[in-house]
RNA sequence: GCACCGAUAGCUCAACUGGAUAGAGCAACAGCCUUCUAAGUUGUAGGUUGAAGGUUCAAGUCCUUCUCGGUGUACCA
């Protein structure tokens with residue numbers, strides 16, 4: 001038995017009551033909502049929508065339904081509030097159902113078969129390999145991590161992929177700077193994180209280029225050499241690319257970023273050209289006098305879009321639809337999600353329309369999970385000018401802040417302290433970014449942004465450790481059963497109701513690809529726990545039965561807090 | 001110019017996708033630690049949801065127009 005059971009039973013009762021009250025009326029579906037807290041109920045049903053068909057006021061309909069309603073045994077009472085009927089479940093039934101479910105399902109509590117094992121391929125991170133990861137990538141990675149976990153929990157079969165943009169003029173800039181200014185240097189012997197080393201070269205090149213315009217020409221020559229497979233150039237490119245990957249892998253590991261598949265633009269950039277010429281023959285694409293190939297998207301509200309240049313080379317979007325087709329062939333997916341910033345909204349609109357025109361029905365199942373830029377108070381981050389918030393540095397700095405504020409309560413060994421500070425700082429960053437809806441841009445103030453009080457990851461983690469602390473002091477053997485009818489306090493009921501909503505929240509987050517739903521949920525649950533904690537005792541209760549019931553309740557809250565944090569890619573520490 | 005996105009308390013964000021009196025956090029002020037971790041809790045104050053129309057039983061949410069901010073509109077990626 002689970003929480004859905006209540007909903008289904010209530011709907012059945014409502015349908016029966018409706019048929020009795022209005023025998024001649026067309027049957028309609030009932031929607032059950034979660035009522036506002038002050039109604040002190042578990043489910044609510046509004047009757048506005050029936051009003052027109054029945055030519056009766058919603059209040060009267062509610063009354064008549066109420067008269068004809070046969071209450072299921074788990075129902076304590078039904079109260080009419082205007083056009084609404086509010087249903088209150090017997091606390092004992094609610095508690096037994098919810099708590100048993102949580103304790104049985106444990107780390108799987110919240111999961112459902114909503115996604116029907118549909119195979120979803122998620123592309124995220126996809127950096128340009130000429131510089132270290134910055135705050136923009138951090139948001140991308142965090143959204144990616146979280147959406148992956150949310151979709152998995154909602155019953156999807158999720159695979160992940162990263163497309164490294166590892167070729168092109170930007171890469172050559174770092175390479176040329178290395179060749180010209182730092183030949184034979186090695187970041188390892190210099191003690192510099194290798195991706196930072198390459199990024200510094202990129203910044204240095206941009207500076208030198210301003211004073212010395214011939215460098216622009218040289219870097220273009222280098223790109224041509226690369227495309228011509230010049231041995232020396234390729235070797236340099238490989239050496240520097242590997243430095244970057246080495247650095248990325250450290251950052252990825254720290255953030256919890258993993259991929260099932262990796263693609264490299266250097267290997268995929270020719271994809272799509274063949275498709276383009278085939279589409280040209282079929283008349284889907286058209287050719288201009290200079291030989292360039294185009295698609296006309298003016299009927300779709302877009303422009304004409306170039307897919308092959310006059311010189312026969314392809315462009316970004318060509319590679320992208322080629323790549324999509326390739327992924328469908330090699331990996332296979334029923335749905336594909338691109339986690340990419342909103343400056344590429346237009347690009348993905350065009351991409352999906354091209355795929356559709358090429359005749360791929362699955363184009364409708366491609367989705368651009370677009371997210372807003374992360375901006376600084378001083379404006380946009382520009383890597384060429386070095387005005388970026390570096391991902392590694394950010395994590396280090398926040399960690400230092402956490403360390404300064406620690407050591408107050410619990411005793412920690414040196415390594416424990418470091419590990420805990422790491423968990424808290426990463427949690428603070430993740431929560432800060434994920435609590436905002438992806439669509440919105442984030443203004444990041446380095447001094448003020450990362451907070452450890454109020455609606456933060458730290459707060460949720462702290463609530464978790466407090467529960468852990470109580471359970472630890474209670475002892476090894478936690479009860480699985482108890483007399484749940486003893487859970488009658490308002491704070492206990494609030495916790496039960498919040499627990500019961502978890503699975504529904506996960507579904508909503510999955511539908512909207514929206515981690516902020518989960519962040520809000522975890523905060524609400526933590527907040528409800530804190531209120532309970534402040535007002536009621538557990539361990540020093542004389543009533544053993546009540547103590548057991550509360551221990552079970554707290555165990556369930558602990559599990560659900562941990563699960564919700566996990567959906568955000570945040571770890572739940574045992575003490576802090 | 002055109003297209004897309006955003007605008008909610010001083011600041012940062014929510015609001016079950018059209019439902020009940022728009023909720024939290026920060027900052028401010030006033031309380032609560034000999035009691036399970038005070039990174040906590042209680043209270044006060046803070047709103048014409050950018051503006052004006054419209055749709056309907058009901059609009060922060062949908063439609064139109066406008067204002068402000070952002071992004072895109074490249075034979076860059």
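For this structure, a couple of remarks:
- Sole exception among (1) in contact with a helix residue (DSSP H, G or I) (Cβ under 6 Å, 6 or more places away or on another chain); (2) closer than 20 Å to residue A:260 by Cβ for residue A:176, by number: (2)
- Taking the criterion of being surrounded by 19 or more Cβ atoms within 10 Å (Cβ to Cβ) and either touching a helix residue (DSSP H, G or I) at 6+ places or on another chain (Cβ under 6 Å) or within 18 Å of residue A:135 (Cα to Cα) (or both), the residues of the stretch A:400-421 that qualify are A:402, A:421.
- Tally, over the stretch A:7-42, of residues that are touching a helix residue (DSSP H, G or I) at 6+ places or on another chain (Cβ under 6 Å) and within 8 Å of RNA strand B (Cβ to nearest atom): 0
- Any hit, the stretch A:372-386, residues being modelled with pLDDT under 95 and within 21 Å of residue A:570 (Cα to Cα): yes
- Listed by position, the helices (runs of 4 or more DSSP H) enclosed by the stretch A:222-285 that each have at least 1 residues that are touching a residue at least 24 places away in the same chain (Cβ under 8 Å) and under 27 Å from residue A:136 (Cα atoms) are A:231-255, A:265-268.
- Taking the stretch A:423-440 as the range and being without any contact (Cβ under 8 Å) to a residue 40 or more places away in the chain and surrounded by fewer than 22 Cβ atoms within 10 Å (Cβ to Cβ) as the test, only A:432 passes.
- Within the stretch A:446-458, the presence of at least one residue that is in a helix (DSSP H, G or I) and either out of contact with any helix residue (DSSP H, G or I) (no Cβ under 7 Å at 6 or more places or on another chain) or closer than 25 Å to residue A:536 by Cβ (or both) is confirmed.
- Tally of residues being farther than 21 Å from residue A:360 by Cβ, crowded, with 17+ Cβ neighbours inside 10 Å and away from RNA strand B (no atom under 12 Å from the Cβ) across the stretch A:246-298: 7
- Residue in the stretch A:456-468 that is within 27 Å of residue A:576 (Cα to Cα) and more than 15 Å from RNA strand B (Cβ to nearest atom) present: no
- Among residues of the stretch A:395-407 that are more than 18 Å from residue A:445 (Cβ to Cβ) and not assigned by TED's automatic domain parsing to the domain that holds residue A:451, none has a Cβ under 9 angstrom from a residue that is modelled with pLDDT under 95 and within 9 Å of RNA strand B (Cβ to nearest atom) at a sequence gap of 6+ or on a separate chain.
- Positions within the stretch A:313-352 being part of a helix (DSSP H, G or I), more than 12 Å from RNA strand B (Cβ to nearest atom) and in contact (Cβ under 8 Å) with a residue 40 or more places away in the chain, in sequence order: A:321, A:322, A:324, A:325, A:326, A:327
- Test: residue A:81 is within 9 Å of RNA strand B (Cβ to nearest atom), modelled with pLDDT of 90 or more and under 37 Å from the mean Cα position of the chain (by Cα): no
Here is a yes/no grid of residues against (1) within 12 Å of RNA strand B (Cβ to nearest atom); (2) over 20 Å from the mean Cα position of the chain (by Cα):
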{"residue": "A:524", "(1), (2)": "yes, no"}
{"residue": "A:530", "(1), (2)": "yes, yes"}
{"residue": "A:535", "(1), (2)": "yes, yes"}
{"residue": "A:561", "(1), (2)": "no, no"}
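- Of all the numbered requirements in (1) farther than 25 Å from residue A:496 by Cβ; (2) surrounded by 14 or more Cβ atoms within 10 Å (Cβ to Cβ); (3) modelled with pLDDT of 90 or more, residue A:41 misses one, and that requirement is (1).
- For the residues A:482, A:519, A:490, A:500, the requirement of being more than 10 Å from RNA strand B (Cβ to nearest atom), under 34 Å from the mean Cα position of the chain (by Cα) and over 18 Å from residue A:3 (Cα atoms) singles out A:490.
- Screening residue A:359 with (1) part of a helix (DSSP H, G or I); (2) more than 11 Å from RNA strand B (Cβ to nearest atom); (3) out of contact with any strand residue (DSSP E or B) (no Cβ under 6 Å at 6 or more places or on another chain) gives one miss only, at (1).
- The set of residues in the stretch A:103-131 being at positive phi and within 14 Å of RNA strand B (Cβ to nearest atom) consists of A:125, A:126.
- Tabulated pairs, the stretch A:142-171, first not assigned by TED's automatic domain parsing to the domain that holds residue A:124, second surrounded by 23 or more Cβ atoms within 10 Å (Cβ to Cβ) and assigned to a loop (DSSP other than H, G, I, E, B), C-beta under 7 angstrom, 6+ apart or interchain: none
The values are calculated or read from the model by the stated rules, or taken from the named source; none is laboratory data. Everything numeric here is computed off the predicted structure, so don't read it as measured data. Note that we place each Cβ from the backbone using ideal geometry, even for glycine, and neighbour counts take in every protein chain shown.
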